[in-house]
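Peer 1: One structure, pasted below without further comment.
Computed from the coordinates by the stated procedures, all read-outs in this text should not be read as laboratory data. All values reported here derive from a predicted model rather than from experimental measurement. Counting neighbours? That spans all protein chains shown, and the Cβs are built from the backbone with ideal geometry, glycine included.
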C-alpha cells in the first residue's frame, strides 16, 4: 500500500517561457504515515500535492497508487480523487452548499455512491471534525472561520480517502483553531490509519505533529526522514531559507556551550524532560 | 481550463504611440472609426490602410500581435461576407445552384470585410498601446464636462478601473476554486448544456461569495483612507498635452483631409 512518485518532472509554461517546478523527483508515501512537507515558497510543494491527487499530470515520470499508474486508461480520475483526498489552502473558500450537510455530501455524491452511503459518510465526517448536529442544516456561510474550515475538511473526509493531503491546513487560524485541526488530524491518523501529508510553514507544528519530514528545495526533495533527524541539519536548512524549531535551535546552542546533551529534542516538552534528566531530577 | 484567457491586452513597449496622451488615442480612434463609414471607394481604403500601417509601425506592436484581435470576430466576419456575397441584387456574376453571386455582392463583401477588419484593428491598436488605467483616466477627462449635468463621471471611471483591476484576480480565484472542486470529484467538462450549467454552481457560488468579500474589503480599505469620491481629488500624474499630442492631432486632421480629397478625386 503506497502512493509513489517515480522520477517525476513538471514544468509550468507561461508566455512561451518554461519553468521547471519539479526535477526528477521520487517519493514514496506508505500507509499510516504522518508527514510534514516543508520548503520555501516556490519550492514545488503545491505542484507536488496536485500531482498526488491527479489534478496535474507529470511531464515525465509516473505517479503510482499501490503500484498502478494513475495515468493508465483503466484508472479513473474519480477513484484517485476518492482515495487521495486533497485539501487546498483556505478550503472554506470552496463552500457552496445551501446547508452544511449538502456541501459535505458533494464529494461522495460525485463518486457515484448510493444515497444512503453518501448520507452516512457525510454525517460521520462532520462528527469527526466536531461539527455538532445543531449546525447541520445551517448555511455554511453563516459559520465562524474555524467552523467553516472544519466543514470544508469534512467535505474531503466524507470521500473516505486513504491518503489525506493538506496544503497549510492551519493558515489563518488562531492558536486554538490550529490545535483543534491538528488534534483532529492526529485522531484520524491513529483511529482510521489514515496516511496524512501536510504542508506547513511552522516548524514548531511540524516538530510537534509530524513523524516524518520531507524538505523540498527548487523542485527536489533535499531531506527526507524522521523529524528528529531532519532538525539536526540546522545549517543546511538555513542555507535554503528554512529554520529549525525554536526548541531545537535552543538545544543546539546549549550543546555548543558545552551542556552535555545526547538526544535531539525538538519540542518544548522533550527539551524540558531532557534537561531535567540531565540534572538528575526526576521527570514529573 | 481558463488560464489561457488574457484580458487587458496591453503590449508593453516604449513607443511614440504608447507615450501619447490617452485622450488623443481615444478621440483619434473614434475619429478613425467614424471616417471608415464615410466612403465606399477602394481609393479611400488605400488611404485608411496606409494610415493604420503608419501608426502600427510607430507603435512597435508586431502586426501578428495586433491581428490577434481579429480572431474572436472571425465568425461574424465570415457570416457577413457570406450574406453580402449571396444576398445582394445586381448583375449575376455566376451561380451555385439556387445561390447567385453578383458583382455588386462581391464588391460589397470586400468593402464591408475591409471596414470590419480596420475597425477591429484600429480599436485593438488603442488597447494595445494604452494601459487600462490610462484609458479610464482619459475617459474621465473627456467626459469631465458632463459633471456640470451631475453625471458621476469620476465615480464611473473609478468603478471601471476597479473592475479592470479585479479581472485577473477573479480569473485566478476561478482556477483555484475549480481545482478545489475537481479534487472533490466535480466534473466541469461532460454532460449536456443543462447539466453543465448545474455543475457550474459549485464554482459560481464560491466565486460570487469571494468577489463580494473582496469588494467589501476594498470598500473598507478605501474608506479607511478617507476616499470620498471625486470632489477635490488631485492626481499624481495629471494628464497634460505635450507637443507630440498636438502633432498627433495634426496628423489626424491631415489624414481626414487627405482621405476626403482622395475619395473626391478618385471615383472608384
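Peer 1: Please report A:174, A:205 as a ranked list, fewest other C-beta atoms within 10 angstrom at the top and most at the bottom.
Peer 2: A:174, A:205
Peer 1: Describe numerically, in nm with one decimal, the distance between label points set 7 Å from Cα along Cα→Cβ at residue A:224 and at residue B:70.
Peer 2: Here the answer is 5.3 nm between the modelled labels.
Peer 1: What order, most packed first, do the peptides B:98-108, B:217-227 have when packing is the mean number of other Cβ atoms within 10 Å of each residue?
Peer 2: Ranking, from highest mean packing down: B:98-108, B:217-227.
Peer 1: With each pseudo-label sitting 7 Å past Cα toward Cβ, what's the residue B:10-residue B:264 distance in nm, one decimal?
Peer 2: Between residue B:10 and residue B:264, the simple spin-label model gives 4.2 nm.
Peer 1: Moving on to the next point. Between the stretch B:185-255 and the stretch A:140-157, what is the separation of their alpha carbon centroids in Å?
Peer 2: Taking the Cα centre of each part, the stretch B:185-255 and the stretch A:140-157 sit 30 Å apart.
Peer 1: When the Kirkwood radius is taken over all Cα pairs of the protein assembly as shown, what Stokes-Einstein diffusion coefficient follows at 4 °C and 1.567 mPa s, in µm²/s?
Peer 2: 45
Peer 1: Can you pull the percent of Cα pairs in chain B with separation above 34 Å?
Peer 2: When all Cα pairs of chain B are counted, 41 percent exceed 34 Å.
Peer 1: Mind checking the angle between helix A:175-192 and chain A's longest principal axis? C-alpha axes, 0 to 90 degrees, to the nearest 10.
Peer 2: It is inclined by approximately 70 degrees.
Peer 1: Right, next: Exposure proxy check: A:69, A:257 ranked by fewest other beta carbons within 10 Å?
Peer 2: Ranking A:69, A:257 by Cβ neighbours within 10 Å, fewest first, gives A:257, A:69.
Peer 1: With each pseudo-label sitting 7 Å past Cα toward Cβ, what's the residue A:13-residue B:143 distance in nm, one decimal?
Peer 2: Once both label points are built, they end up 4.0 nm from each other.
Peer 1: With an 8 Å cut-off on Cα pairs and a minimum separation of 6 or more residues, tell me the relative contact order of the stretch A:2-232 in percent.
Peer 2: 28
Peer 1: Same structure, new question: Within a 10 angstrom radius of each residue's Cβ in A:84-97, how many Cβ atoms of other chains show up on average? Whole number is fine.
Peer 2: Average per residue, whole number: 5.
Peer 1: Could I ask something else about it? So how tilted is helix A:115-128 from the main axis of chain A? Cα-based, degrees 0 to 90, rounded to 10.
Peer 2: 30
Peer 1: Taking R0 as 60 Å, what's the FRET efficiency between residue B:187 and residue B:57 from their Cβ-Cβ distance, rounded to 0.05?
Peer 2: Taking R0 as 60 Å, the efficiency between residue B:187 and residue B:57 is 0.75.
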